[in-house]
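Step one of this worksheet: look at the structure below.
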Amino acid sequence: MDRVIVVGAGVVGLSCAVRLLEQGHRVDVLARDLPLETTSAAAAALWYPYRAYPFDRVAAWSEETYRELARLAGDGRTGVVMRQGTEVHRSRTADPWWSTAVPVLTRVTTMAEPYVDAWSFEAPVVEMPIYLPWLVSRVEQLGGTLTRLALSALPEGPGAAVVVDAAGLGARLLAEDGSVTPVRGQVVYVDQVGLDRWWLDESGPTYVVPRSRDIVVGGSADEGEWNRARNPALAQQILARAIELVPELCRAGVRGHKVGLRPTRPAVRLELEQRRATRVVHCYGHGGAGVTLSWGCADEVAALVGG
Ligand SMILES: Cc1cc2nc3c(=O)[nH]c(=O)nc-3n(C[C@H](O)[C@H](O)[C@H](O)COP(=O)(O)OP(=O)(O)OC[C@H]3O[C@@H](n4cnc5c(N)ncnc54)[C@H](O)[C@@H]3O)c2cc1C
(Lines give C-alpha, C1' and ligand atoms only; values in the text may rest on other atoms or scores of the structure.)
Protein backbone atom coordinates (compact mmCIF):
# COMPACT_ATOMS: atom_id res chain seq x y z
CA MET A 1 0.00 0.00 0.00
CA ASP A 2 1.17 3.51 -0.80
CA ARG A 3 1.84 6.45 1.42
CA VAL A 4 -0.67 9.11 0.33
CA ILE A 5 -0.40 12.82 1.10
CA VAL A 6 -3.78 14.56 1.08
CA VAL A 7 -3.53 18.33 0.68
CA GLY A 8 -6.57 20.01 2.25
CA ALA A 9 -8.59 19.40 5.42
CA GLY A 10 -12.02 20.55 4.27
CA VAL A 11 -14.87 18.09 3.82
CA VAL A 12 -13.38 16.84 0.53
CA GLY A 13 -9.83 16.18 1.79
CA LEU A 14 -11.00 14.53 5.03
CA SER A 15 -13.53 12.27 3.23
CA CYS A 16 -10.82 11.20 0.77
CA ALA A 17 -8.44 10.54 3.67
CA VAL A 18 -11.00 8.30 5.41
CA ARG A 19 -11.66 6.25 2.26
CA LEU A 20 -7.92 5.84 1.51
CA LEU A 21 -7.21 4.75 5.09
CA GLU A 22 -10.09 2.26 4.92
CA GLN A 23 -8.43 0.90 1.77
CA GLY A 24 -5.26 0.28 3.78
CA HIS A 25 -3.04 3.18 2.69
CA ARG A 26 -0.93 5.24 5.04
CA VAL A 27 -2.37 8.77 4.86
CA ASP A 28 -1.04 12.13 6.03
CA VAL A 29 -3.25 15.21 5.62
CA LEU A 30 -1.49 18.57 5.21
CA ALA A 31 -3.49 21.79 5.33
CA ARG A 32 -2.99 25.51 5.73
CA ASP A 33 -6.39 25.82 7.47
CA LEU A 34 -7.57 23.24 9.99
CA PRO A 35 -11.08 21.82 9.43
CA LEU A 36 -13.07 24.36 11.47
CA GLU A 37 -11.28 27.23 9.69
CA THR A 38 -12.13 26.07 6.15
CA THR A 39 -14.91 27.00 3.72
CA SER A 40 -16.43 23.64 4.64
CA ALA A 41 -17.05 24.93 8.16
CA ALA A 42 -19.24 27.69 6.67
CA ALA A 43 -21.47 25.26 4.76
CA ALA A 44 -25.14 25.22 5.76
CA ALA A 45 -24.75 22.06 5.06
CA LEU A 46 -27.86 20.73 3.40
CA TRP A 47 -27.52 17.92 0.85
CA TYR A 48 -28.33 19.75 -2.38
CA PRO A 49 -26.45 19.80 -5.71
CA TYR A 50 -25.82 23.56 -6.17
CA ARG A 51 -23.32 25.28 -8.47
CA ALA A 52 -21.34 22.14 -9.30
CA TYR A 53 -20.86 20.68 -12.77
CA PRO A 54 -21.13 18.66 -15.01
CA PHE A 55 -24.67 17.50 -14.22
CA ASP A 56 -24.17 13.82 -15.08
CA ARG A 57 -21.14 13.30 -12.79
CA VAL A 58 -22.60 15.55 -10.09
CA ALA A 59 -25.89 13.59 -10.07
CA ALA A 60 -23.99 10.31 -9.62
CA TRP A 61 -21.69 11.66 -6.86
CA SER A 62 -24.69 13.28 -5.12
CA GLU A 63 -26.65 10.03 -5.13
CA GLU A 64 -23.74 8.09 -3.67
CA THR A 65 -23.17 10.75 -1.00
CA TYR A 66 -26.88 10.83 -0.13
CA ARG A 67 -26.75 7.09 0.61
CA GLU A 68 -23.61 7.38 2.75
CA LEU A 69 -24.86 10.40 4.72
CA ALA A 70 -28.21 8.63 5.30
CA ARG A 71 -26.22 5.72 6.73
CA LEU A 72 -24.14 8.05 8.94
CA ALA A 73 -27.36 9.67 10.22
CA GLY A 74 -27.88 6.43 12.15
CA ASP A 75 -24.86 7.31 14.33
CA GLY A 76 -25.61 10.18 16.72
CA ARG A 77 -21.91 11.11 16.98
CA THR A 78 -21.61 12.26 13.35
CA GLY A 79 -23.85 15.35 13.41
CA VAL A 80 -25.78 14.08 10.36
CA VAL A 81 -29.58 14.17 10.56
CA MET A 82 -32.19 13.31 7.92
CA ARG A 83 -34.73 16.13 7.65
CA GLN A 84 -37.80 16.65 5.52
CA GLY A 85 -37.93 20.00 3.73
CA THR A 86 -39.37 22.00 0.87
CA GLU A 87 -37.87 23.79 -2.12
CA VAL A 88 -40.19 26.54 -3.37
CA HIS A 89 -40.40 28.18 -6.81
CA ARG A 90 -41.95 31.38 -8.10
CA SER A 91 -42.80 29.86 -11.49
CA ARG A 92 -43.79 26.42 -12.79
CA THR A 93 -40.68 24.24 -12.73
CA ALA A 94 -39.86 20.83 -14.17
CA ASP A 95 -38.50 18.09 -11.89
CA PRO A 96 -34.85 18.78 -11.02
CA TRP A 97 -32.04 17.15 -13.03
CA TRP A 98 -30.86 15.36 -9.87
CA SER A 99 -34.31 13.99 -8.94
CA THR A 100 -33.21 10.36 -9.23
CA ALA A 101 -30.63 10.93 -6.46
CA VAL A 102 -33.33 11.19 -3.77
CA PRO A 103 -35.56 8.25 -2.90
CA VAL A 104 -38.86 10.20 -2.95
CA LEU A 105 -39.60 13.66 -4.37
CA THR A 106 -43.14 14.92 -3.87
CA ARG A 107 -44.80 17.86 -5.68
CA VAL A 108 -46.52 20.31 -3.34
CA THR A 109 -49.58 21.86 -4.93
CA THR A 110 -50.80 24.03 -2.08
CA MET A 111 -48.19 26.81 -1.92
CA ALA A 112 -49.26 30.35 -0.95
CA GLU A 113 -48.27 33.46 -2.98
CA PRO A 114 -45.63 34.34 -4.22
CA TYR A 115 -44.74 30.66 -4.70
CA VAL A 116 -46.53 28.65 -7.36
CA ASP A 117 -44.61 25.40 -7.34
CA ALA A 118 -42.63 23.36 -4.81
CA TRP A 119 -41.26 19.94 -4.09
CA SER A 120 -40.64 18.26 -0.84
CA PHE A 121 -38.06 15.58 0.01
CA GLU A 122 -36.00 14.18 2.84
CA ALA A 123 -32.33 15.24 2.77
CA PRO A 124 -29.28 14.88 4.99
CA VAL A 125 -28.45 17.98 7.04
CA VAL A 126 -24.86 17.92 8.25
CA GLU A 127 -23.93 19.90 11.33
CA MET A 128 -20.41 20.88 10.32
CA PRO A 129 -19.07 21.90 13.78
CA ILE A 130 -19.79 18.28 14.84
CA TYR A 131 -19.16 16.48 11.53
CA LEU A 132 -15.71 17.91 10.69
CA PRO A 133 -14.22 16.94 14.11
CA TRP A 134 -15.89 13.52 13.69
CA LEU A 135 -14.16 13.09 10.30
CA VAL A 136 -10.83 14.05 11.94
CA SER A 137 -11.43 11.46 14.66
CA ARG A 138 -12.08 8.82 11.94
CA VAL A 139 -8.81 9.77 10.22
CA GLU A 140 -6.93 9.45 13.51
CA GLN A 141 -8.64 6.19 14.57
CA LEU A 142 -7.62 4.67 11.23
CA GLY A 143 -3.98 5.70 11.80
CA GLY A 144 -3.85 8.85 9.66
CA THR A 145 -2.38 12.22 10.66
CA LEU A 146 -3.39 15.86 10.24
CA THR A 147 -0.74 18.61 10.20
CA ARG A 148 -1.04 22.34 9.64
CA LEU A 149 1.25 23.29 6.77
CA ALA A 150 0.89 26.01 4.13
CA LEU A 151 2.36 24.73 0.87
CA SER A 152 3.60 26.82 -2.04
CA ALA A 153 3.39 23.83 -4.41
CA LEU A 154 2.03 20.28 -4.39
CA PRO A 155 4.52 17.82 -2.85
CA GLU A 156 6.54 15.90 -5.45
CA GLY A 157 9.44 13.47 -5.56
CA PRO A 158 10.70 10.97 -2.95
CA GLY A 159 8.23 10.47 -0.09
CA ALA A 160 5.36 11.75 -2.23
CA ALA A 161 4.47 8.88 -4.53
CA VAL A 162 0.74 9.68 -4.40
CA VAL A 163 -0.77 13.10 -3.65
CA VAL A 164 -4.46 13.98 -3.45
CA ASP A 165 -5.05 17.64 -4.24
CA ALA A 166 -8.17 18.64 -2.26
CA ALA A 167 -7.15 22.27 -1.84
CA GLY A 168 -10.45 23.85 -2.93
CA LEU A 169 -9.83 27.44 -3.94
CA GLY A 170 -6.14 26.86 -3.08
CA ALA A 171 -5.85 24.90 -6.34
CA ARG A 172 -5.52 28.27 -8.10
CA LEU A 173 -1.98 28.30 -6.72
CA LEU A 174 -1.17 24.63 -6.13
CA ALA A 175 -2.49 23.33 -9.47
CA GLU A 176 -1.96 26.65 -11.26
CA ASP A 177 -5.63 26.53 -12.19
CA GLY A 178 -7.15 29.97 -12.72
CA SER A 179 -10.51 28.45 -13.64
CA VAL A 180 -11.32 27.93 -9.92
CA THR A 181 -12.99 31.11 -8.74
CA PRO A 182 -14.74 32.19 -5.52
CA VAL A 183 -18.48 32.54 -5.17
CA ARG A 184 -18.88 34.35 -1.87
CA GLY A 185 -21.59 33.14 0.50
CA GLN A 186 -22.76 34.73 3.74
CA VAL A 187 -24.92 33.11 6.44
CA VAL A 188 -26.53 34.21 9.71
CA TYR A 189 -26.95 31.88 12.70
CA VAL A 190 -30.15 32.40 14.69
CA ASP A 191 -31.76 30.79 17.73
CA GLN A 192 -33.42 27.42 17.28
CA VAL A 193 -37.11 28.34 17.67
CA GLY A 194 -38.45 24.80 17.32
CA LEU A 195 -37.99 24.38 13.55
CA ASP A 196 -37.39 20.86 12.25
CA ARG A 197 -37.87 21.27 8.46
CA TRP A 198 -35.49 22.95 6.02
CA TRP A 199 -36.66 25.47 3.41
CA LEU A 200 -35.01 26.57 0.17
CA ASP A 201 -35.82 29.23 -2.43
CA GLU A 202 -33.20 29.36 -5.18
CA SER A 203 -33.88 33.04 -5.78
CA GLY A 204 -31.47 34.87 -3.52
CA PRO A 205 -30.63 32.08 -2.80
CA THR A 206 -32.62 31.90 0.44
CA TYR A 207 -32.37 28.90 2.74
CA VAL A 208 -33.26 28.00 6.29
CA VAL A 209 -31.52 24.93 7.70
CA PRO A 210 -32.35 23.85 11.27
CA ARG A 211 -29.62 22.24 13.40
CA SER A 212 -29.68 20.90 16.96
CA ARG A 213 -28.97 24.20 18.73
CA ASP A 214 -29.38 26.90 16.08
CA ILE A 215 -30.66 27.57 12.56
CA VAL A 216 -28.48 28.50 9.58
CA VAL A 217 -30.08 31.22 7.50
CA GLY A 218 -28.71 32.13 4.10
CA GLY A 219 -27.68 33.29 1.80
CA SER A 220 -25.87 34.95 -1.03
CA ALA A 221 -23.80 34.00 -4.08
CA ASP A 222 -21.45 36.73 -5.33
CA GLU A 223 -19.30 35.54 -8.21
CA GLY A 224 -15.65 36.55 -8.22
CA GLU A 225 -15.94 38.22 -4.79
CA TRP A 226 -12.98 37.57 -2.43
CA ASN A 227 -14.04 39.71 0.55
CA ARG A 228 -14.51 37.52 3.65
CA ALA A 229 -15.61 40.37 5.91
CA ARG A 230 -19.24 40.25 7.01
CA ASN A 231 -21.55 42.67 5.20
CA PRO A 232 -24.10 43.88 7.84
CA ALA A 233 -26.57 45.24 5.23
CA LEU A 234 -26.53 41.89 3.42
CA ALA A 235 -27.12 40.10 6.74
CA GLN A 236 -30.30 42.20 7.22
CA GLN A 237 -31.48 41.35 3.69
CA ILE A 238 -30.81 37.65 4.26
CA LEU A 239 -32.86 37.69 7.48
CA ALA A 240 -35.73 39.59 5.82
CA ARG A 241 -35.86 37.08 2.94
CA ALA A 242 -35.74 34.16 5.37
CA ILE A 243 -38.58 35.58 7.49
CA GLU A 244 -40.69 35.96 4.34
CA LEU A 245 -40.08 32.25 3.65
CA VAL A 246 -40.43 31.04 7.26
CA PRO A 247 -42.36 33.61 9.36
CA GLU A 248 -41.55 31.84 12.70
CA LEU A 249 -38.01 33.19 12.33
CA CYS A 250 -39.20 36.70 13.27
CA ARG A 251 -38.80 35.72 16.95
CA ALA A 252 -35.31 34.19 16.53
CA GLY A 253 -32.39 36.16 17.96
CA VAL A 254 -29.17 36.48 15.93
CA ARG A 255 -26.27 34.39 17.30
CA GLY A 256 -23.52 34.95 14.74
CA HIS A 257 -22.39 35.30 11.15
CA LYS A 258 -20.09 33.52 8.73
CA VAL A 259 -18.70 34.13 5.26
CA GLY A 260 -17.15 31.52 2.97
CA LEU A 261 -15.78 31.42 -0.57
CA ARG A 262 -17.23 28.51 -2.59
CA PRO A 263 -14.49 26.97 -4.78
CA THR A 264 -16.35 27.08 -8.10
CA ARG A 265 -15.16 25.77 -11.46
CA PRO A 266 -16.84 25.13 -14.83
CA ALA A 267 -16.43 21.40 -13.95
CA VAL A 268 -15.28 19.65 -10.78
CA ARG A 269 -11.73 18.47 -11.46
CA LEU A 270 -11.43 14.82 -10.43
CA GLU A 271 -8.67 13.17 -12.45
CA LEU A 272 -5.24 11.58 -12.25
CA GLU A 273 -2.14 13.47 -13.41
CA GLN A 274 1.31 11.85 -13.57
CA ARG A 275 3.99 14.38 -12.53
CA ARG A 276 7.33 12.62 -12.99
CA ALA A 277 7.50 10.12 -10.05
CA THR A 278 4.35 11.47 -8.35
CA ARG A 279 0.78 10.47 -9.11
CA VAL A 280 -1.49 13.42 -8.34
CA VAL A 281 -5.24 12.89 -8.01
CA HIS A 282 -6.92 16.26 -8.28
CA CYS A 283 -10.26 16.64 -6.48
CA TYR A 284 -11.40 20.25 -6.26
CA GLY A 285 -13.88 22.78 -7.63
CA HIS A 286 -17.01 21.51 -5.84
CA GLY A 287 -18.67 24.96 -5.81
CA GLY A 288 -21.75 25.08 -3.60
CA ALA A 289 -21.96 21.31 -3.15
CA GLY A 290 -18.78 20.03 -1.50
CA VAL A 291 -20.70 18.31 1.28
CA THR A 292 -23.26 16.93 -1.19
CA LEU A 293 -20.56 15.39 -3.39
CA SER A 294 -18.02 14.44 -0.72
CA TRP A 295 -18.42 10.64 -0.44
CA GLY A 296 -19.11 10.05 -4.12
CA CYS A 297 -15.92 11.91 -4.98
CA ALA A 298 -13.91 10.24 -2.19
CA ASP A 299 -14.87 6.81 -3.55
CA GLU A 300 -13.71 7.81 -7.04
CA VAL A 301 -10.44 9.21 -5.68
CA ALA A 302 -9.84 5.95 -3.79
CA ALA A 303 -10.51 3.98 -7.00
CA LEU A 304 -7.99 6.14 -8.93
CA VAL A 305 -5.34 5.71 -6.23
CA GLY A 306 -6.08 1.98 -6.35
CA GLY A 307 -4.91 -0.81 -4.10
C1 LIG B 1 -22.17 30.08 2.88
C2 LIG B 1 -21.93 28.71 2.27
C3 LIG B 1 -22.95 27.75 2.35
C4 LIG B 1 -22.74 26.48 1.78
N5 LIG B 1 -23.73 25.55 1.91
C6 LIG B 1 -23.54 24.30 1.38
C7 LIG B 1 -24.54 23.32 1.51
O8 LIG B 1 -25.62 23.56 2.10
N9 LIG B 1 -24.31 22.08 0.99
C10 LIG B 1 -23.13 21.78 0.35
O11 LIG B 1 -22.96 20.63 -0.11
N12 LIG B 1 -22.15 22.70 0.21
C13 LIG B 1 -22.34 23.96 0.70
N14 LIG B 1 -21.37 24.91 0.54
C15 LIG B 1 -20.18 24.62 -0.29
C16 LIG B 1 -19.13 23.88 0.48
O17 LIG B 1 -18.83 24.58 1.65
C18 LIG B 1 -17.86 23.74 -0.40
O19 LIG B 1 -18.18 23.15 -1.65
C20 LIG B 1 -16.87 22.85 0.32
O21 LIG B 1 -16.56 23.41 1.57
C22 LIG B 1 -15.59 22.65 -0.48
O23 LIG B 1 -14.79 21.81 0.29
P24 LIG B 1 -13.24 21.59 0.02
O25 LIG B 1 -12.78 20.58 1.00
O26 LIG B 1 -13.03 21.35 -1.43
O27 LIG B 1 -12.58 23.02 0.29
P28 LIG B 1 -12.25 23.79 1.66
O29 LIG B 1 -13.23 23.51 2.71
O30 LIG B 1 -12.04 25.21 1.25
O31 LIG B 1 -10.86 23.17 2.09
C32 LIG B 1 -9.69 23.39 1.36
C33 LIG B 1 -8.50 22.95 2.17
O34 LIG B 1 -7.32 23.11 1.37
C35 LIG B 1 -6.33 23.78 2.15
N36 LIG B 1 -5.38 24.53 1.32
C37 LIG B 1 -5.64 25.43 0.35
N38 LIG B 1 -4.48 25.95 -0.12
C39 LIG B 1 -3.47 25.35 0.58
C40 LIG B 1 -2.06 25.47 0.56
N41 LIG B 1 -1.43 26.32 -0.26
N42 LIG B 1 -1.34 24.70 1.42
C43 LIG B 1 -1.95 23.84 2.26
N44 LIG B 1 -3.30 23.71 2.33
C45 LIG B 1 -4.04 24.45 1.48
C46 LIG B 1 -7.17 24.72 3.01
O47 LIG B 1 -6.40 25.22 4.08
C48 LIG B 1 -8.29 23.77 3.44
O49 LIG B 1 -7.84 22.96 4.51
C50 LIG B 1 -21.52 26.19 1.11
C51 LIG B 1 -20.52 27.15 1.06
C52 LIG B 1 -20.71 28.40 1.62
C53 LIG B 1 -19.62 29.40 1.56
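The values are calculated or read from the model by the stated rules, or taken from the named source; none is laboratory data. Treat the numbers as computed from the prediction; the structure is a model and nothing was measured. As a convention, Cβ positions derive from the backbone with ideal geometry for all residues, glycine included, and neighbour counts pool all protein chains shown. With ligands, DNA and RNA removed, areas are computed over all heavy atoms of the protein, side chains included. Shrake-Rupley method; radii C 1.70, N 1.55, O 1.52, S 1.80 Å.
Here is how the numbers come out for the structure above:
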item	result
Every residue from the range 213-229 that is closer than 19 Å to residue 191 by Cα and surrounded by fewer than 14 Cβ atoms within 10 Å (Cβ to Cβ)	213
Residue that is farthest from the ligand (Cβ to nearest atom), among those in the range 179-198 that are closer than 18 Å to residue 12 by Cβ and among the hydroxyl-bearing types (Ser, Thr, Tyr)	179
Counted residues, the range 11-47 - those being more than 6 Å from the ligand (Cβ to nearest atom), closer than 14 Å to residue 293 by Cβ and not in a helix (DSSP H, G or I)	1
Number of the exception - residue 157 against (1) within 30 Å of residue 280 (Cβ to Cβ); (2) open to solvent by 20 Å² or more (accessible area, probe 1.4 Å); (3) within 13 Å of the ligand (Cβ to nearest atom); (4) not aliphatic (A, V, I, L, M)	(3)
Residues located in the range 212-234, provided they are under 24 Å from residue 83 (Cβ atoms) and within 12 Å of the ligand (Cβ to nearest atom)	216, 217, 218, 219, 220, 221
Count of the range 159-208 residues which are over 30 Å from residue 250 (Cβ atoms) and of a type in the set (A, V, I, L, M)	13
The range 14-63, residues that are closer than 20 Å to residue 261 by Cα and aromatic (Phe, Trp, Tyr)	47, 48, 50, 53
Residues of the range 74-92 satisfying the condition of being open to solvent by less than 30 Å² (accessible area, probe 1.4 Å) and either closer than 28 Å to residue 271 by Cβ or not hydroxyl-bearing (Ser, Thr, Tyr) (or both)	79, 80, 85, 87, 88, 89
Near pairs, Cβ below 7 angstrom, 6+ apart or cross-chain, from the range 151-169 (more than 22 Å from residue 180 (Cα to Cα)) to any residue that is open to solvent by 20 Å² or more (accessible area, probe 1.4 Å) and modelled with pLDDT of 95 or more	161/279; 162/279
The range 160-178, residues that are near the ligand (Cβ under 7 Å from one of its atoms) and of a type in the set (A, V, I, L, M, F, W, C)	166, 167, 169, 173, 174
Those residues of the range 201-211 which are more than 9 Å from the ligand (Cβ to nearest atom) and part of a strand (DSSP E or B), in sequence order	201, 206, 208, 210
Selected residue (only one of 165, 95 is more than 29 Å from residue 194 (Cα to Cα), open to solvent by less than 10 Å² (accessible area, probe 1.4 Å) and not hydrophobic (A, V, I, L, M, F, W, C))	165
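Conditions tested, residue by residue: (1) near the ligand (Cβ under 10 Å from one of its atoms); (2) in a loop (DSSP other than H, G, I, E, B).
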{"site": "239", "(1), (2)": "no, no"}
{"site": "243", "(1), (2)": "no, no"}
{"site": "249", "(1), (2)": "no, no"}
{"site": "257", "(1), (2)": "no, no"}
{"site": "267", "(1), (2)": "no, yes"}
{"site": "280", "(1), (2)": "no, no"}
{"site": "286", "(1), (2)": "yes, yes"}
{"site": "296", "(1), (2)": "no, no"}
